[in-house]
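K.L.:
Here you go, one structure.
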Amino acid sequence: DVKVTQSSRYLVKRTGEKVFLECVQDMDHENMFWYRQDPGLGLRLIYFSYDVKMKEKGDIPEGYSVSREKKERFSLILESASTNQTSMYLCASSLSRGGEQYFGPGTRLTVT
Amino acid sequence: RKEVEQDPGPFNVPEGATVAFNCTYSNSASQSFFWYRQDCRKEPKLLMSVYSSGNEDGRFTAQLNRASQYISLLIRDSKLSDSATYLCVVKRDGGFKTIFGAGTRLFVKA
């Protein structure tokens with residue numbers, strides 16, 4: 001059974017803190033993605049990676065960075081959290097770029 | 001204007017009803033199309049891919065109209081368990097670009 005796990009389901013951080021969101025997949029997938037989901041806006045792509053140490057900006061990369069040191073792990077970093085980064089963060093992976101994406105359960109981040 | 005647009009609903013239908021959702025996309029270079037389902041407080045999961053010739057999976061039928069740039073999802077004989085948000089997904093640029101619609105909420109009532 002495919003599995004994508006995220007380090008936390010709920011997270012509360014203060015403005016200005018550095019925040020790390022971790023995602024791990026056990027399917028040996030090449031491609032991994034980070035999205036945020038906000039009411040009325042749907043899922044928006046922040047960053048994706050199609051190989052170890054490779055990364056590409058998505059639609060809303062500002063204020064975020066990513067790291068992919070190992071194939072199974074893709075980390076999202078908020079360098080200095082702000083209140084407008086309060087959101088649901090979803091990680092996904094896929095075998096091929098055009099194929100089905102498998103999502104993790106999400107991390108609901110609140111920045112106060 | 002959003003690249004992928006869906007009617008947010010909600011659609012409230014009785015059990016057994018037939019319901020249809022439409023989704024329009026604005027970029028004619030879009031290459032592949034999907035419907036995902038997202039239950040309340042859960043992650044999205046693939047419901048079905050959408051092929052040019054149309055395709056069916058049990059009570060679900062998906063259609064693609066490239067000329068008019070829309071895709072549709074038809075659900076027949078609705079069940080209570082069909083209550084969810086349905087997300088329209090479009091891919092282009094060789095799969096590098098994935099665009100999700102904001103979703104259509106469906107409530108099926110007894």
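Any read-out appearing in this document is the output of simple, stated calculations on the displayed coordinates, not a laboratory observation. Source: prediction; values computed, not measured. Reconstructed Cβ throughout: ideal geometry from the backbone, glycine too, with neighbour counts over all protein chains shown.
K.L.:
At 0.36 nm per residue, and after removing the present C-alpha to C-alpha distance, how many nm does the segment from A:ARG108 to A:SER96 gain when stretched out fully?
P.N.:
Numbers: separation 12, 0.36 × 12 = 4.32 nm, distance 2.72 nm.
Here the segment from A:ARG108 to A:SER96 would lengthen by 1.6 nm.
K.L.:
Let me ask another. Around A:LEU41, under 13 Å between beta carbons, what's the net of Lys plus Arg minus Asp minus Glu among the other residues? Before the final figure, lay out each step's value.
P.N.:
On the way: positive: A:ARG36, A:ARG44, B:LYS2; negative: A:ASP38, A:ASP59, B:GLU3, B:GLU5.
Around A:LEU41, the charge tally is -1.
K.L.:
Sticking with this one: For chain B, what does the relative contact order come out to in percent, with C-alpha contacts under 8 Å and a separation of six or more? Kindly include the intermediate steps, with their values, before the conclusion.
P.N.:
Details: 272 pairs, mean separation 41.2, N = 110.
Relative contact order for chain B comes out at 37 percent.
K.L.:
Here is a follow-up. If you add up the charges near B:ARG76, with Lys and Arg at +1 and Asp and Glu at -1, over every other residue whose beta carbon is less than 11 angstrom from its beta carbon, what do you get?
P.N.:
Working: positive: B:ARG59, B:LYS79; negative: B:GLU56, B:ASP77, B:ASP82.
Around B:ARG76, the charge tally is -1.
K.L.:
For chain B, take N as its residue count and report Rg(C-alpha) divided by 2.2 N^0.38 Å.
P.N.:
Numbers: Rg = 13.4 Å, N = 110, 2.2 N^0.38 = 13.1 Å.
This ratio for chain B stands at 1.02.
K.L.:
Check chain B for me: any Cys whose beta-carbon has no other cysteine beta-carbon within less than 4.7 Å?
P.N.:
B:CYS40
K.L.:
Moving on. Once you list every other residue whose beta carbon is under 15 Å from the beta carbon of B:GLY101, what net charge do they have if Lys and Arg are +1 and Asp and Glu are -1? Working shown, then result.
P.N.:
On the way: positive: A:ARG44, B:ARG1, B:LYS2, B:ARG37, B:LYS91, B:ARG92, B:LYS97, B:ARG105; negative: A:ASP38, A:ASP59, B:GLU3, B:GLU5, B:ASP7.
Cβ neighbours under 15 Å give a net charge of +3.
K.L.:
Just need the relative contact order of chain A here, percent rounded to a whole number, with Cα pairs under 8 Å and 6+ apart.
P.N.:
Details: 297 pairs, mean separation 40.8, N = 112.
Relative CO of chain A lands at 36 percent.
K.L.:
Compute for segment B:1-65: radius of gyration divided by Kirkwood radius, i.e. Rg/Rh, restricted to C-alpha atoms, rounded to two decimals. Please report the intermediate quantities before stating the final value.
P.N.:
Working: Rg = 13.1 Å, Rh = 13.7 Å.
Rg divided by Rh gives 0.96.
K.L.:
Could you give the dipole magnitude of chain A about its Cα centre, charging the beta-carbon of Lys and Arg +1 and that of Asp and Glu -1, in debye to the nearest 20?
P.N.:
Numbers: 16 positive and 15 negative charges, 63 e Å.
That gives a dipole near 300 debye.
K.L.:
If we count trypsin sites (Lys or Arg not before Pro) as exposed when they sit in a DSSP loop and have at most 16 other beta carbons within 10 Å, what is the longest stretch of chain B that avoids them all? Before the final figure, lay out each step's value.
P.N.:
Values: sites that count: B:ARG1, B:LYS2, B:ARG41, B:LYS42, B:ARG59, B:ARG66, B:ARG76, B:LYS79.
My reading of the result: B:3-40 is the longest stretch.
K.L.:
Sticking with this structure for a sec: Using the structure shown, list the pairs from A:LYS71/B:LYS79; A:LYS55/B:LYS42; A:LYS71/B:LYS2 with a Cα-Cα distance above 30 Å, or answer none. Intermediate results must be reported in sequence, preceding the final value.
P.N.:
On the way: A:LYS71/B:LYS79 40 Å; A:LYS55/B:LYS42 26 Å; A:LYS71/B:LYS2 33 Å.
Check vs 30 Å cut-off fails for A:LYS71/B:LYS79; A:LYS71/B:LYS2.
K.L.:
Quick check on the exposure proxy: order A:MET88, A:MET54 from fewest to most C-beta atoms within 10 angstrom. Mind showing how you got there, number by number?
P.N.:
Numbers: A:MET88 16, A:MET54 11.
The most exposed by this proxy come first: A:MET54, A:MET88.
K.L.:
Continuing with this model, one more query. If R₀ is 35 angstrom, what is the calculated FRET efficiency for the pair A:MET54 and B:PHE107, using the beta carbon separation as r and rounding to 0.05? Could the numbers behind the result be given before it?
P.N.:
Details: r = 42 Å, r/R0 = 1.20.
Computed FRET efficiency for A:MET54 and B:PHE107: 0.25.
K.L.:
While we're on this one: Give the Rg/Rh ratio for the protein assembly as shown, taking Rg as the radius of gyration of the Cα atoms and Rh as the Kirkwood radius, to two decimals.
P.N.:
Radius of gyration over Kirkwood radius for the protein assembly as shown works out to 0.98.
K.L.:
To the nearest 0.05, how large is the calculated FRET efficiency for A:MET27 and A:GLU79 if R₀ is 41 Å and r is the Cβ-Cβ distance?
P.N.:
0.90
K.L.:
Right, something else. So between B:ASP7 and B:LEU46, what do we pick up on full extension, going 0.36 nm a residue minus the alpha carbon distance?
P.N.:
On the way: separation 39, 0.36 × 39 = 14.04 nm, distance 1.93 nm.
Stretched out fully, the B:ASP7 to B:LEU46 stretch lengthens by 12.1 nm.
K.L.:
Right, here's the next one. Reachable aspartates and glutamates from B:LYS97, Cα under 14 Å, same-chain residues fewer than 8 places away excluded?
P.N.:
Within the straight-line cut-off, B:LYS97 pairs with A:GLU56, A:ASP59, A:GLU100, B:GLU3.
K.L.:
I've got another one for you. Please list the radius of gyration and Dmax for chain A, considering alpha-carbon atoms only, with Å as the unit.
P.N.:
When restricted to Cα atoms, chain A yields Rg and Dmax of 13.0, 38 Å.
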